[in-house]
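S.K.: Below is the structure I would like to discuss, written out as C-alpha cells.
Each reported figure results from applying straightforward, stated rules to the coordinates on display, with no laboratory input. Treat the numbers as computed from the prediction; the structure is a model and nothing was measured. Reconstructed Cβ throughout: ideal geometry from the backbone, glycine too, with neighbour counts over all protein chains shown.
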Amino acid sequence: MSYNNLREFIERLEREGELVRVAAEVSPVEEIAELTDRMAKQPGGGKAILFERTGTDFPVVTNLMGSERRMALALGVESLDALTRRIDALLHEVTTPKATLWEKLRMLPLLGEMARWMPRSRRGRGTCQEVVLRGEAARLSLLPVLKCWPEDGGRFVTLPMVHTLDPDTGVRNVGMYRIQVFDDRTTGMHWHVHKTGARHYDDYRRQGRRMPVAVALGGDPVYAYAATAPMPDNMDEYLLAGFLRRRPVELVRCLTCGIEVPADCDFVIEGYVDPAEEKTVEGPFGDHTGFYSLEDRYPRFHVTAITHRRDAVYPATVVGVPPEEDAYIAEATERIFLAPIRLAVQPEVRDLWMPTAGTAHNLAVVAIERRYEGQAHKVAQSLWGAGQMMFNKYLVVADAATEIRRVEALAALVRRLDPARDLIAAEGVLDVLDHATATPGFGGKLALDLTRAAAREEQPLQLPERFEPCGGVA
C-alpha cells in the first residue's frame, strides 16, 4: 500500500506497535537526537518516536524507517523479499524475448501499469501549501531543526529531499543532502562533487544563472527513500517512487522558484543558490563513520518561502555510529537494486550485502557464480565503476554457495585466503566523508577474492612483507 501523507504512515506504525509517543517537552538541540540514538541502538532498531512537544508548533518524528519491518511498511510491502521478487519478475517479463503475437499482446497491461508510475503534475495548490510564509515571515527558526551532536556546527535538516533541475534539459533530480541552518533565511547546501546536485550547480555557474532549489520534507515515506536511492543520473527519482507505491507521485509547482514537489509532503522550503556567490563554511557534522566530518566550503541556499500542511509533522533522522536508521535504508537498497545490477552490470552476481558496520557502501560483500579464472577481478573492477558503488572501499567476493550474511562463514574463508593470489588492490574514487584518505575523495581500495578459498586448508593468515597495489604505488 501507499500513504496519502506522513500522518497516515505514523498511524499505521502505531497500529502495528512500531511507534512510541513522547508527551513531555523535549529540545531539538541534542535531546531528541540522544533519545533517538538510544532507541536505534536497541535490538532490531527499536521503534519510531513521535515527539509531540518540541518548543515549536510542530511535532518531530524520528527513526521512521529504522527497522526491517518499518522499512518494508514504508515501501508498502510485508517484507523486503517480496519487493525483490516483484522486481525480478518485472525485469524477467520485460527482457524475455517475445516469440509470438500473443506473448507481445500480453505485455500491453504491463506497459499500461508502467505508464501509471510516471509522476503527474496537477494544477492549483497541494496540501503542502495550506500555509504559506513569504518574506520576513519565512523563518527557519519556526521549524524544530535538530542539532544532533555536541560539536556539530549548528542545526541540520537531516531528512531533506532536495530538488534541482538540469538547466539544459529540465530533468529533475531529488537528492538527500544535509542542510546546515545558518540563520532564519540561509543554509548550507552540502552536495559533494560527485553528486548530481553539484553537477547542476556547476552547469548553472557556467551559464551565469541563479539556481532554483526546493527542499521538501515528509509526505509518503517512499519519497525520502527514493531521494537516497542510487538512481542513474537524469532518471527521475519519482519514477522509482511511483513503481514502489504502485501509483504516481502527484506534483505541484512551488510558489517562488518554479520547481515541482510532491503535493502531499509536509514542508517545502523554497529558494535559490547563487553560483556567483563565494562558498561558505559548513560543518562540522557528526557522521555515520563515528567521526565529525570537518568544516568545508559549500554553496549557500537562500530561502524565499516556506509552505506546509496545517497538520505538518517534521521528519528527521540521526546520523551517527551504527546502527542507525540508515542501516535499514541501505538494506532496502540491496534488495531493490540487486536485479538491476545483475541485468546491467554483473550477470554473475547472485547476492549483495552491505553490513551495517561498513556504513553502507564502504564495505560490500557479493556472491557470484564463478566460471573462469580472474572473474572476481572483473566483478571488483566493474562494481568500482558502477554508480555509487564507486565509493566502495572494501569488497569481498565469494562463491554463490557461500552464505554471505553469515559472518562466521566469511571468516572461515578469510582464514583460507592466499594473500599472494587473492588480494585485489586499486586506487579510485571514495566518499568525500571518508576521513582516512590522504586526498579527499580519492584513495586505496581492496577486494578479497574468496571464490577459491573453500578448497584450501585453514591456516594462519600471513601477509607479504610488501604489498604492491595496482600501478605499483606503495
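S.K.: Show which aspartates and glutamates lie in cross-link reach of K445 when reach means a straight Cα distance below 15 angstrom and same-chain residues fewer than eight apart are skipped.
M.R.: Straight-line reach from K445, under 15 Å: D422, E427, D431, D434, E468.
S.K.: Which residues among the stretch 377-396 fall inside the zone where the amide N is under 20 Å from a point 7 Å beyond the Cα of L446, along Cα→Cβ?
M.R.: 377-385, 390-396
S.K.: Give, in nm to one decimal, the length gained when the segment between A357 and A89 is fully stretched (0.36 nm per residue of separation minus the Cα-Cα distance).
M.R.: Gain on extension, A357 to A89, equals 93.4 nm.
S.K.: Under a point spin-label approximation (7 Å from Cα along Cα-to-Cβ), what is the E31-D168 distance to one decimal in nm?
M.R.: Here the modelled spin labels are 5.1 nm apart.
S.K.: Follow-up question, since we're still on this one. Can you compute the modelled spin-label distance between S121 and A400, with each label point 7 Å from Cα toward Cβ, in nm?
M.R.: 4.6 nm
S.K.: Quickly estimate the mean residue ellipticity at 222 nm for the chain, helices only: each DSSP H run with n ≥ 4 gives -39500 (n - 2.57), and the total goes over all residues, rounded to 500.
M.R.: -7500 deg cm²/dmol
S.K.: Beyond 27 Å, what share of the Cα-Cα pairs of the stretch 117-316 remains, rounded to the nearest whole percent?
M.R.: Cα-Cα pairs of the stretch 117-316 separated by over 27 Å account for 24 percent.
S.K.: To continue, here is another question. What FRET efficiency would be calculated for the residue pair A23, L133, taking the C-beta separation as r and a Förster radius of 25 Å, to the nearest 0.05?
M.R.: So the FRET efficiency works out to roughly 0.35.
S.K.: Still on this structure, please answer the following. For V345 and D274 in one chain, what is 0.36 nm times their gap in residues minus the Cα-Cα distance, to one decimal in nm?
M.R.: The span from V345 to D274 would gain 21.8 nm if fully extended.
S.K.: Convex hull over the alpha-carbon atoms of the stretch 331-441: what's its volume per residue in Å³?
M.R.: 114 Å³
S.K.: Relative contact order of the stretch 345-455, please, whole-number percent, based on alpha carbon pairs below 8 angstrom and at least 6 residues apart.
M.R.: Relative contact order of the stretch 345-455: 26 percent.
S.K.: Ok, one more. What distance in nm separates the simple spin-label points at N234 and A455, each placed 7 Å from Cα in the Cβ direction?
M.R.: 4.5 nm
S.K.: Using only the alpha-carbon atoms, what does the stretch 240-359 span along each of its principal axes? Please give whole angstrom values in decreasing order.
M.R.: 49, 41, 32
S.K.: Could you grab the relative contact order for the chain? Cα pairs under 8 Å, six or more apart, rounded to a whole percent.
M.R.: Relative contact order for the chain comes out at 15 percent.
S.K.: Per residue, what volume in Å³ does the convex hull of the Cα atoms of the chain enclose?
M.R.: Per residue, the Cα convex hull of the chain comes to 166 Å³.
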